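Read-outs throughout are calculated quantities, based only on the coordinates presented, and are distinct from any laboratory measurement. Small disclaimer: the values here were computed from a predicted structure and weren't measured. All Cβ positions, even for glycine, are placed from backbone atoms using ideal geometry, and neighbour counts span all protein chains on display.
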Ligand code: KG4
Ligand code: ZN
């Protein structure tokens, strides 16, 4: 029954949370969205500097909110991969220092394993095996969750991540950053059938299509061509709501088709969705309807656990600690790491 304090600094959110098994005792997030907004994306150097400035106060808030002192904490964790190396190092260094000073075990956590664990925070009885659709700004993967630390990636994007596609399409429509929530909001006022856009199929050598892999760069280019054609054809303002709705529906349809096929083929009756794009209302509606038809259960975590947060990292760390998995204090940050390599983070 481990109580873990975890730090998440892989991108542009400084998060600290305390979780006792699957119960969140505190979850504090200091977002840098406003800081990166003028640049239209995350600037790695700026992100690292702000994590450094924020981490101590976020840490104090997390301990205060939980009403705990260090004697109640069984372990200290930090996201160590994948992500921006400078940003990750801020959190890892803080966590290792605390572990050393407070004489607690240290655990490095894979960021995507955290997104998988977001579903456990509200579905406390959830147990593997299940299928996780992980859709964020950096990743789009279909993961067979077999056990704590045991994952098999069955499908992934071959180019842009789903969230990246939302951000790039928002940028080309001059809508601002991050694009996902803005497009989501605009799409609710538009007609999703206004424009037909390509779903992004991955060809196989035998002439068929890969059933689980996805591609979003062609879709983004198709939106660009559509915008150029509409601008050339007339001087009317762009029908941005219709473009947003058509784009969003294409992404939702494409992801839904792949996740349902994968769940049915692998006999998995539960689909847990994680990552920032899990907040998307189009995806939520589309997937829930399709899952009903196939008698599948779909779990969408609450929005605060979909986007980056430390509660999901602490939840994963608590499970690893319960199983006796500990990381060496020599553990560093890695910009890339597959989910299949998670157990390399722990001493055998
Ligand atoms: O998981 P996350 O917070 O960070 C990463 O690990 O990448 O995901 C951020 C991504 C961004 O691309 C953002 O545009 C997207 O999630 N996002 C959304 C929505 N809310 C956030 N995409 C579509 N619809 C949303 N409502
Ligand atoms: Zn993330």
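By how many degrees, 0 to 90 and rounded to 10, does the Cα axis of helix 240-265 deviate from the longest principal axis of the chain?
Taking the Cα atoms of the chain, the angle to 240-265 is about 60 degrees.
Need the full-extension length gain, residue 343 to residue 188, defined as separation in residues times 0.36 nm minus the C-alpha distance. One decimal, nm.
51.6 nm
I want to make sure I understand the PRE zone here: with the label point 7 angstrom from the Cα of residue 224 toward its beta carbon, which residues in the stretch 162-193 have backbone N atoms less than 20 Å away?
Those under the cut-off are 162-180, 183.
Just the Cα atoms of the stretch 237-299, one point each, no solvent: what log10 I(q)/I(0) does Debye give at q = 0.25, 0.26 Å⁻¹?
Each listed q corresponds, in turn, to -1.05, -1.11.
Given a 10 angstrom Cα cut-off, can you work out which residue in 195, 166, 247 is the most mobile in a GNM of the chain?
Largest GNM mean-square fluctuation: 195.
Mind checking the angle between helix 111-122 and the chain's longest principal axis? C-alpha axes, 0 to 90 degrees, to the nearest 10.
Result, in degrees: 90.
Two decimals is fine: what's Rg over Rh for the chain, C-alpha atoms, Kirkwood radius as Rh?
0.99
Return the distance in nm (one decimal) between the two label points of a simple spin-label model at residue 159 and residue 284, each offset 7 Å from Cα along Cα→Cβ.
Placing both labels 7 Å along Cα→Cβ, they lie 3.0 nm apart.
What's log10 of I(q)/I(0) for the stretch 20-138 at q = 0.19, 0.20 Å⁻¹, Debye sum over Cα points only, no solvent?
Each listed q corresponds, in turn, to -1.28, -1.37.
On a 0 to 90 degree scale, rounded to 10, what angle separates helix 85-102 from the longest Cα axis of the chain?
Long axis of 85-102 versus the principal axis of the chain: about 20 degrees.
Can you give the convex hull volume per residue for the Cα atoms of the stretch 155-211, as a whole number of Å³?
So the per-residue hull volume is 115 Å³.
Using a 10 angstrom cutoff on alpha carbons, build the Gaussian network for the chain and name the most mobile of 35, 260, 143.
Highest fluctuation among the options: 35.
How do 258, 336, 49 line up, fewest other C-beta atoms within 10 Å first?
Ascending Cβ contact count within 10 Å gives the list 336, 49, 258.
I need 139, 37, 115, 50 ordered by Cβ neighbour count within 10 Å, fewest first.
Ascending Cβ contact count within 10 Å gives the list 37, 50, 139, 115.
Pick out which of 116, 92, 202 has the largest mean-square fluctuation in a Gaussian network model of the chain, springs linking Cα atoms closer than 10 Å.
202
More than 25 Å apart: what percent of Cα pairs in the stretch 223-348 qualify?
50 percent
With runs of 4+ DSSP H residues as the only contributors, calculate the mean residue ellipticity of the chain at 222 nm using -39,500 (n - 2.57) per run, divided by the residue total and rounded to the nearest 500.
-13500 deg cm²/dmol
If you take the beta carbon distance between residue 35 and residue 97 as r and set R0 to 25 Å, what does 1/(1 + (r/R0)^6) give as a FRET efficiency, to the nearest 0.05?
0.50
Using Cα-Cα distances under 8 Å and only pairs 6 or more residues apart, what relative contact order does the stretch 128-305 have, in percent?
26 percent
Provide Rg over Rh for the stretch 128-305; use the alpha carbon set for both Rg and the Kirkwood Rh (inverse mean inverse pair distance).
Rounded to two decimals, Rg over Rh is 0.99.
Gap in Å between the Cα centre of the stretch 69-112 and the Cα centre of the stretch 202-277?
Measuring centre to centre over Cα atoms gives 36 Å.
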